[in-house]
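Colleague: My questions will all concern the structure given below.
The values are calculated or read from the model by the stated rules, or taken from the named source; none is laboratory data. Everything numeric in this text was worked out from a predicted model, so none of it was measured. Heads up, the Cβs are rebuilt from the backbone with ideal geometry, glycines too, and the neighbour counts pull from every protein chain shown. In case anyone asks, the SASA skips ligands and DNA or RNA and just uses the protein heavy atoms, side chains included. Shrake-Rupley method; radii C 1.70, N 1.55, O 1.52, S 1.80 Å.
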Amino acid sequence: MTDPAYTPPAVWSADTVSGGKFANINRPTAGAREQKALPVGTHDFQLYSLATPNGVKATIMFEELLEAGHHQAEYDAWTINIGEGEQFGSGFVNINPNSKIPALLDRSGAQPVRIFESGAILMHLAEKFGAFLPSDDSRGEVLSWLFWQIGSAPFIGGGFGHFYAYAPDKYEYPINRYAMETKRLFDVADKRLAENEYLGGNHYTIADIAAYPWMEPFVFDAIYDEAHKFLSIDEYKHVGRWVKQIAERPAVKRGRIVNKTWGEEDTQLPERHSAADFEGKNL
Ligand SMILES: N[C@@H](CCC(=O)N[C@@H](CS)C(=O)NCC(=O)O)C(=O)O
């Protein structure tokens with residue numbers, strides 16, 4: 001079976017775009033759409049995010065730093081509701097001109113520093129606290145797996161997830177293309193994890209913190225409709241072992257509910273300002 005043919009016009013126009021999830025907020029232009037200041041708390045680190053796989057990378061990192069005794073890593077986490085277009089408010093755009101979560105304001109130095117892109121946030125914090133990024137020979141391996149994840153995520157989310165679960169109509173060509181690539185990426189990780197406890201080698205690092213939130217929901221059958229079965233995720237035994245191991249870390253259990261605004265009430269934490277905010281939560 002082939003998909004209905006589409007002949008692109010000579011010049012593309014946003015007016016012709018069909019619906020689908022997020023269609024109402026997508027535009028082909030950058031920049032703020034409304035004046036809206038961001039809330040600011042008391043800690044050095046102000047995180048503006050949502051508990052999506054990219055957002056959870058930052059909150060797991062903060063919770064891991066705190067768990068490891070880096071008390072200076074206390075942070076305020078504020079919800080940015082991307083379904084309602086809050087990423088296009090002027091305050092958020094000042095921190096991330098690309099209008100995507102997560103975005104961080106670091107006020108620990110002489111001047112506030114903005115950091116956007118989840119990989120940049122992980123590296124910035126790892127270097128600042130000297131944690132989860134080795135300085136010996138394994139550093140190159142850790143950075144390679146970190147950037148592998150950042151480069152791969154759009155094929156999984158924007159590619160496979162979009163066409164398999166979000167697109168208003170299902171088309172064979174893009175689903176085949178991105179299912180192929182998503183499975184190939186799982187196989188890359190599976191082969192690596194067959195021979196190494198963690199992606200970077202013997203230690204848990206920012207490479208694992210970046211990759212875990214993307215692979216965990218596939219393993220636990222919690223993303224993109226029937227994707228777990230459709231992609232035969234149980235084949236990736238070593239990825240499964242690694243996901244289950246990381247899921248047990250107390251910092252991961254906390255980090256994945258920060259900025260979560262859906263699901264059971266006791267697994268939601270729209271804002272996080274101190275360790276006390278986790279009291280009564282189902283971690
Ligand atoms: N490469 C970016 C991707 C961030 C990203 O795609 N964030 C999504 C949520 S997971 C977002 O904010 N989407 C809102 C939009 O596209 O308008 C990163 O790693 O930080």
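Colleague: Working carefully through the options Thr182, Thr261, Thr267, find the one that is open to solvent by less than 10 Å² (accessible area, probe 1.4 Å) and within 29 Å of Phe163 (Cα to Cα). Reasoning before the result, please.
Modeller: Details: Thr261 fails: open to solvent by less than 10 Å² (accessible area, probe 1.4 Å); Thr267 fails: open to solvent by less than 10 Å² (accessible area, probe 1.4 Å).
When all the criteria are applied, what remains is Thr182.
Colleague: A further question on this structure: So Asp187 passes all but one of these: (1) surrounded by 13 or more Cβ atoms within 10 Å (Cβ to Cβ); (2) away from the ligand (no atom under 11 Å from the Cβ); (3) outside any helix (DSSP H, G or I). Which condition number does it fail?
Modeller: The number of the failed condition is (3).
Colleague: Condition first: outside any strand (DSSP E or B), away from the ligand (no atom under 15 Å from the Cβ) and closer than 20 Å to Asn54 by Cα. Can you find one or more residues in the range 105-117 that meet it?
Modeller: Applying the first criterion (outside any strand (DSSP E or B)) to the range 105-117 yields 107-112, 117.
When the remaining residues are screened for being away from the ligand (no atom under 15 Å from the Cβ), the result is 107-112.
Applying the additional criterion that residues be closer than 20 Å to Asn54 by Cα yields none.
No.
Colleague: Looking at Glu84, Glu74, Glu64, which is the one that is charged (D, E, K, R) and surrounded by fewer than 16 Cβ atoms within 10 Å (Cβ to Cβ)? If you could, list the steps in order and put the result at the bottom.
Modeller: Numbers: Glu74 fails: surrounded by fewer than 16 Cβ atoms within 10 Å (Cβ to Cβ); Glu64 fails: surrounded by fewer than 16 Cβ atoms within 10 Å (Cβ to Cβ).
Unique residue meeting the criteria: Glu84.
Colleague: Additional query: Can you tell me which of Gly31, Gly41 is in contact (Cβ under 8 Å) with a residue 40 or more places away in the chain and on the phi > 0 side of the Ramachandran plot?
Modeller: Gly31
Colleague: Among Lys57, Lys100, which is basic (Lys, Arg), open to solvent by 10 Å² or more (accessible area, probe 1.4 Å) and within 12 Å of the ligand (Cβ to nearest atom)?
Modeller: Details: Lys57 fails: open to solvent by 10 Å² or more (accessible area, probe 1.4 Å).
Going through Lys57, Lys100 in turn, the sole match is Lys100.
Colleague: Also, quick follow-up: Within the range 225-232, identify whether any single residue is in a helix (DSSP H, G or I) and under 16 Å from Leu283 (Cβ atoms), and answer yes or no. Spell out the reasoning first.
Modeller: First, the residues of the range 225-232 that are in a helix (DSSP H, G or I): 227-230.
Now drop any that are not under 16 Å from Leu283 (Cβ atoms), which leaves none.
Looking for residues that are in a helix (DSSP H, G or I) and under 16 Å from Leu283 (Cβ atoms), one finds none in the range 225-232, hence no.
Colleague: Search the range 83-108 for residues that are assigned by TED's automatic domain parsing to the domain that holds Pro53 and pair each with any residue that is acidic (Asp, Glu) when their beta-carbon atoms are under 6 Å apart and the residues are at least 6 apart or on different chains.
Modeller: Taking only residues 6 or more apart or on different chains, the pairs are Gly89/Glu34; Arg107/Asp44; Ser108/Asp44.
Colleague: Could you check how many residues of the range 23-52 are within 15 Å of the ligand (Cβ to nearest atom), surrounded by 22 or more Cβ atoms within 10 Å (Cβ to Cβ) and not in a loop (DSSP other than H, G, I, E, B)?
Modeller: The total comes to 3.
Colleague: Next up: Pairs under 8 Å by beta carbon, first residue at negative phi and modelled with pLDDT of 95 or more in the range 154-179, partner among the acidic types (Asp, Glu) and open to solvent by less than 20 Å² (accessible area, probe 1.4 Å), six or more apart or different chains?
Modeller: none
Colleague: Considering only residues that are in a helix (DSSP H, G or I) and over 19 Å from the mean Cα position of the chain (by Cα), which ones fall in the range 190-216? Give the derivation first.
Modeller: Here is the first cut: in the range 190-216, the ones in a helix (DSSP H, G or I) are 190-195, 206-216.
The answer is Asp190, Lys191, Arg192, Leu193, Ala194, Glu195.
Colleague: For the range 70-84, which residues satisfy the criterion of being touching a strand residue (DSSP E or B) at 6+ places or on another chain (Cβ under 6 Å) and within 16 Å of the ligand (Cβ to nearest atom)?
Modeller: Step one: filter the range 70-84 for residues touching a strand residue (DSSP E or B) at 6+ places or on another chain (Cβ under 6 Å), giving 75-78, 80.
Result: Ala77, Trp78, Ile80.
Colleague: Limited to the range 144-158, what total is found for residues that are open to solvent by less than 40 Å² (accessible area, probe 1.4 Å) and more than 23 Å from Ile175 (Cβ to Cβ)? First the steps, then the outcome.
Modeller: Taking the range 144-158 first, the residues open to solvent by less than 40 Å² (accessible area, probe 1.4 Å) are 145-146, 149, 152-153, 156-157.
Right, trim to more than 23 Å from Ile175 (Cβ to Cβ) and you get 145-146.
Result for the range 144-158: 2.
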